[in-house]
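The values are calculated or read from the model by the stated rules, or taken from the named source; none is laboratory data. Computed from a predicted model, the values in this text were never measured in an experiment. As a convention, Cβ positions derive from the backbone with ideal geometry for all residues, glycine included, and neighbour counts pool all protein chains shown. Heavy atoms of the whole protein, side chains included, go into the accessibility calculation; ligands, DNA and RNA do not. Shrake-Rupley method; radii C 1.70, N 1.55, O 1.52, S 1.80 Å.
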Amino acid sequence: MNDQDSLPVLVVGAGVSGITAALEAAETGASVVLVERQPYVGGRVAGFYHYFPKMCPPSCGLEINVQRLERNPRVRVLTETRVSAAEQVDGGWRVTLERAPAYVTEACTGCGECSKVCPVSVVDEFNHGMSSSPAIRLSHPQAWPQRFVIERAACADGCEACVQSCAYDAIHLDATVTTEELQVGSVVLATGWQPYPLEKLSELGGGVLPDVISNVQMERLASPSGPTAGQILCPSTGQPPRRVAFVQCAGSRDVNHLPYCSGICCLASLKHAQYVKDQHPDTEVSIFYIDRRTPGRNEDVLTRIGDMDGVRLVKGKVGKVEAGDGGLVLTVEDVEAGRKLHEQADLVVLATGMVPTGNGESPFGIARDEDGFALDDFDRGLVVAGVARRPTDVAAAVRDATGSAARALAAAERGA
Amino acid sequence: MATVPLIAPSEDFRRELRRRGGERASRCYQCATCSAVCELAPEGRPFPRRQVLLAQWGQGDQLATDPAVWLCHQCNDCTVRCPRDVRPGDLMQVVRAMVIERLAAPAFLGRLVANVRSTWPVVLGAPLLLWVLLLGLTGHLGVPPGFHAYDQLVPHWLIYSVFFPVAAFVLWAAWVSGRRFWTLLGSVGPPRKGSFLASLVPVFGEISTHGRFSNCEAGRPRRWGHLALLWGFVGAAVTSGLLVVALYGFGAQLPLPLDHPFKILGNISAVLLVVGGVILLINRLGDPQKTGASTAFDRFFLTVVLLVIATGVLAEVGRFFFPAAVACSIYIVHLSVVLTLFVTFPYSKFAHMLYRTLAMVHERMTG
């Protein structure tokens with residue numbers, strides 16, 4: 001295929017799936033536009049402390065991918081950008097890209113002087129609300145591009161403290177939204193997922209009790225760049241937990257919540273059990289489950305961590321989490337023993353599932369399955385990648401995205 | 001080598017369970033949310049997760065011996081939270097109906113009421129026909145001249161000659177079923193300790209306030225309706241007993257004046273019955289996720305209770321305000337639905353009074 005003749009492939013979403021699809025397509029010679037709503041690439045994975053099953057930090061995998069992106073002239077990466085409109089045309093799609101105001105330009109060196117003078121504090125969404133940061137900040141230490149961002153709506157009226165502090169004239173508070181029209185041959189939708197909202201699990205203390213956290217919050221607690229600099233502590237007391245309980249299938253496989261299994265939460269909790277034991281060897285960990293779903297070679301994780309001293313796996317889904325004397329109390333039936341337990345814990349982690357992003361609001365009018373996951377529409381040049389298609393772990397998302405790149409190239413070539 | 005116990009699922013039980021609306025048992029994946037959220041389940045033997053499994057596996061024999069089936073008050077806290085929409089609360093209700101039929105004496109009456117979805121014209125019609133026939137044969141079918149009291153229409157001896165034998169039969173049938181159930185309860189699990197009576201007294205105390213109902217969340221309004229009905233019926237029964245004493249012990253004349261203490265007691269009972277009946281009816285018509293799905297078996301019992309209350313109140317009021325022929329007709333219908341209520345006691349949902357009480361006594365004696 002001659003890249004001079006073909007229209008580019010548009011990849012929506014620069015998480016691990018989108019990056020993979022973009023690079024795989026570009027490395028065959030195609031030109032690719034990779035758009036990302038966030039100010040950084042890496043998506044959900046950027047917020048993780050470790051991957052299973054190898055338990056290595058995702059930052060190294062992302063770093064390799066970022067180098068590939070930087071070195072490949074055929075990939076154009078647009079962060080803080082969304083597809084605001086799309087129209088099917090002969091040979092592909094005409095899309096409108098809406099770019100957020102460039103309050104901070106590429107002149108930013110990431111020196112951080114602006115953050116020091118910023119008088120406003122905002123909730124840090126990257127840490128899932130567990131910390132706050134100045135309104136002008138780097139999204140997270142490994143963010144790429146290494147460029148500061150402003151939560152403009154939070155700025156005090158007329159405040160220009162950051163502008164005055166910037167030695168590189170990189171900050172322009174009067175920047176506006178810009179749009180760009182583009183014709184592309186095919187589209188890869190790698191729009192990823194959102195964690196199931198904790199607030200919908202109030203019967204399990206979600207959104208009600210401060211020491212009931214979600215599994216994605218646990219990743220941030222364990223991460224050195226997180227709100228506690230990597231120390232796993234109870235949010236209410238700031239003390240290390242002595243007893244940690246994991247509630248599996250919290251809002252999953254449940255007709256009242258997500259009807260499907262996300263397929264990763266069992267492994268995530270086992271991984272989190274290891275985080276806890278690594279930091280606090282004497283802390284007791286209990287994992288309450290319906291089924292232990294650790295397919296393939298992930299079975300080894302179950303064997304290795306499940307057999308650790310002080311890690312207990314109990315069959316039975318937790319029905320209630322309430323505040324009691326001296327901590328949280330979980331009510332659960334130990335199914336194998338046939339009796340009710342009122343389990344004490346200082347920290348409860350709800351193993352929540354993955355919700356496909358943007359259900360019902362795709363400018364491409366993508367078809368979705370009954371659970372809201374997107375379906376390939378090859379005839380219209382739409383290809384899905386990663387968790388946008390189905391809930392998977394990182395390794396499977398990468399494999400899926402590689403296949404998606406091939407389909408997107410075929411669709412673009414046919415269209416051109 | 002250790003032997004593995006063989007579980008023989010009863011296909012008949014499973015078919016019958018499906019037919020009666022318990023087909024959702026097969027959806028259950030045993031997560032035990034139901035047992036965890038149930039406020040009535042004992043710590044050491046939680047339900048209904050285990051019972052759903054037994055139903056799924058066609059273990060009707062085990063369910064018949066299980067007190068938990070009756071300790072459930074169908075408050076539906078489990079149904080609201082069940083992730084698979086198994087509706088365990090409704091399933092327990094279906095299982096109770098199956099146990100009632102299984103232990104019924106004589107069996108054909110159990111079958112008749114169990115199939116009330118199609119047999120209701122017989123169950124409601126036969127007593128009405130009986131009264132019309134009896135009144136016709138004794139020359140009482142017609143508006144009595146100078147009508148002012150119902151004993152002009154149906155003489156007391158006629159009422160006694162129907163209700164005394166019926167009461168004796170119902171007591172016998174309840175005794176036989178109760179004994180069967182008591183034996184089954186005792187055949188498994190820990191042995192009972194102490195005397196039956198010593199446990200029955202506190203159980204009556206608990207029933208008199210419906211203490212357990214207060215723990216339920218989803219079915220909370222039902223507690224008050226159910227309690228009002230219970231005390232309304234107790235009041236009505238006491239009034240009837242006192243009337244007999246007044247009639248034959250003290251030569252009282254019917255109808256009693258409105259300010260007579262017995263009359264006041266009867267009317268308070270009527271108010272309780274109406275209030276309770278209305279609460280339960282409204283509840284039944286509400287969100288089935290919280291109130292439980294209605295099977296024909298459930299609807300039949302509630303219908304008969306509501307008919308007894310409605311015809312009773314209308315007969316009382318009708319004597320003053322309705323044409324005599326209307327009032328007399330209502331009274332005859334009242335007698336017939338009361339007869340239906342009595343006769344079906346051991347076979348309808350009414351029998352939960354017997355079975356749940358025994359299960360609660362058993363629970364105390366083994367607890």
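Would you rank B:Ile332, B:Ile279 by solvent-accessible area, highest first, keeping every protein chain in place and using a 1.4 Å probe?
Highest to lowest solvent-accessible surface, that is B:Ile279, B:Ile332.
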Derived scalar couplings ³J(HN,Hα) [segment B:260-277; Karplus, 6.51 cos²θ - 1.76 cosθ + 1.60; whole Hz; x for Gly, Pro]: 5, x, 5, 5, 4, 4, x, 6, 4, 4, 4, 4, 4, 5, 5, 4, x, x
Degrees, to the nearest 10: B:296-321 long Cα axis against longest axis of chain B: 20 degrees
Segment B:11-103: Cα Rg divided by the 2.2 N^0.38 Å rule of thumb: 0.95
Under 13 Å from A:Lys317, Cα to Cα: aspartates and glutamates that are on another chain or at least 8 residues apart: A:Glu203, A:Asp254, A:Asp291, A:Glu333, A:Asp334, A:Glu336, A:Glu343
Unit charges on C-beta of K, R, D, E only; dipole of segment B:11-103, Debye: 260 debye
Choice from B:Val80, B:Val278, B:Val201 showing the highest fluctuation, given a GNM over chain B with Cα pairs closer than 10 Å: B:Val201
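DSSP beta bridges in chain A, what fraction antiparallel, as a percent rounded to 5? Working shown, then result.
On the way: 39 of 72 bridges.
Looking only at bridges with both residues in chain A, the antiparallel portion is about 55 percent.
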Rounded to the nearest 10 Å², the accessible area of B:Met98 at probe 1.4 Å: 20 Å²
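Is the shape of segment B:165-262 rounded, prolate or oblate, going by the alpha carbon gyration tensor and its root eigenvalues a ≥ b ≥ c, with a/c under 1.5 for rounded and a/b larger than b/c for prolate?
Working: a/c = 2.65, a/b = 1.51, b/c = 1.76.
Taking the square roots of the gyration eigenvalues as a ≥ b ≥ c, segment B:165-262 is oblate.
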Farthest positive-ward along segment A:302-416 dipole, Cα basis, beta-carbon charges - from A:Val387, A:Val314, A:Thr357: A:Val387
DSSP beta bridges in the protein assembly as shown [antiparallel fraction, %, rounded to 5]: 55 percent
Cut-off under 5 Å, modelled amide H: who pairs with B:Asn76 long-range: none
Span from the segment A:180-250 Cα centroid across to the segment A:332-354 one, whole angstrom: 19 Å
Cα gyration tensor, chain A - rounded (a/c under 1.5), prolate or oblate: oblate
Nearest-ten-degree value, helix B:324-343 long axis tilted from longest Cα axis of chain B: 30 degrees
Summed buried accessible area for B+A [probe radius 1.4 Å, Å², rounded to 100]: 1700 Å²
Residues whose placed amide H lies under 5 Å from that of A:Gly338, excluding near-sequence neighbours: none
Per-residue HN-Hα couplings for segment B:8-16 [Karplus 6.51, -1.76, 1.60; θ = phi - 60°; Hz; x = Gly/Pro]: 9, x, 8, 5, 4, 4, 5, 5, 5
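Using a ≥ b ≥ c from the Cα gyration tensor of segment A:89-205 (square roots of the eigenvalues), is it rounded, prolate or oblate, where a/c under 1.5 gives rounded and otherwise the larger of a/b and b/c decides, a/b for prolate? Numbers along the way, then the final one.
Values: a/c = 2.25, a/b = 1.15, b/c = 1.97.
Judged from the Cα gyration tensor, segment A:89-205 comes out oblate (a/c at least 1.5, b/c at or above a/b).
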Simple spin-label estimate for B:Ile282 and A:Glu27 in nanometres, 7 Å along Cα-Cβ: 6.9 nm
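To the nearest whole percent, what portion of all C-alpha pairs in the protein assembly as shown is separated by more than 43 angstrom? Please list the in-between numbers first.
Numbers: 146555 of 306153 pairs.
When every Cα pair of the protein assembly as shown is considered, 48 percent fall beyond 43 Å.
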With all protein chains modelled, accessible area of B:Phe13 [1.4 Å, Å²]: 20 Å²
Dipole-positive endmost among B:Val113, B:Ala324, B:Pro191 within segment B:107-365 (Cβ charges, Cα centre): B:Pro191
In degrees, nearest ten, helix B:220-249 long axis to first principal axis of chain B (Cα): 40 degrees
Proximal lysines to A:Lys320, defined as alpha-carbon separation beneath 16 angstrom and excluding residues fewer than eight positions away on the same chain: A:Lys200, A:Lys340
In order through segment B:22-31: 3J(HN,Hα) via Karplus (6.51 cos²θ - 1.76 cosθ + 1.60), integer Hz, x for Gly, Pro: x, 5, 6, 3, 5, 6, 5, 10, 6, 7
Residue mean of other protein chain beta carbons inside 10 Å, A:307-316: 1
Segment B:277-295 versus segment B:47-121: alpha-carbon centroid distance in Å: 18 Å
Residues in segment B:47-81 occluded by at least 50 Å² - accessible area, probe radius 1.4 Å, against chain by itself: B:Arg49, B:Arg81
Calculated FRET efficiency for the pair A:Ile64/A:Val208, C-beta based, R₀ 35 Å, to 0.05: 0.30
Loop sites in segment A:37-134: trypsin sites (Lys or Arg not before Pro), DSSP, at most 10 other Cβ within 10 Å: A:Lys54
Dipole moment magnitude, nearest 20 debye, chain B about Cα centre, only Lys, Arg, Asp, Glu C-beta charged: 820 debye
Within straight-line cross-link reach of B:Lys349, aspartates and glutamates at Cα separation under 12 Å, skipping those fewer than 8 residues along the same chain: B:Glu101, B:Asp298
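For B:Asp151, A:Asp254, write out the residues from largest to smallest accessible area, computed with a 1.4 angstrom probe and no ligands counted.
Working: B:Asp151 60, A:Asp254 10 Å².
Descending order: B:Asp151, A:Asp254.
Which FRET efficiency value, to the nearest 0.05, do you get for B:Arg220 and B:Tyr160 by plugging their Cβ-Cβ distance into 1/(1 + (r/R0)^6) with R0 = 35 Å? Spell out each step's value before the answer.
On the way: r = 42 Å, r/R0 = 1.19.
It comes to 0.25.
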Efficiency of FRET between A:Thr237 and A:Lys200 - r from beta-carbon atoms, R0 25 angstrom, step 0.05: 0.45
A:Ala367 long-range amide H proximity, modeled H, under 5 Å: A:Leu375
Unpartnered cysteines - no second Cys beta carbon under 4.7 Å - across chain B: B:Cys28, B:Cys31, B:Cys38, B:Cys72, B:Cys82, B:Cys328
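Assign unit charges at the C-beta atoms only (+1 for Lys and Arg, -1 for Asp and Glu), then state the dipole size of the protein assembly as shown relative to its Cα centre in Debye, rounded to the nearest 20. If you can, show how the numbers build up before the last one.
Numbers: 71 positive and 72 negative charges, 692 e Å.
That gives a dipole near 3320 debye.
Regarding chain B, what is the average projected area of its C-alpha convex hull, in nm²? Don't skip to the answer; put the middle values down first.
Numbers: hull surface 82.4 nm².
Dividing the Cα hull surface by four gives the mean projection, 20.6 nm².
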With all protein chains modelled, accessible area of A:Lys340 [1.4 Å, Å²]: 20 Å²
Extent along principal axes [Cα atoms of segment A:195-336; Å; largest to smallest]: 34, 33, 29
Dipole of chain A [Lys/Arg +1, Asp/Glu -1 at C-beta], most positive-end residue of A:Asn127, A:Thr283, A:Ala190: A:Thr283
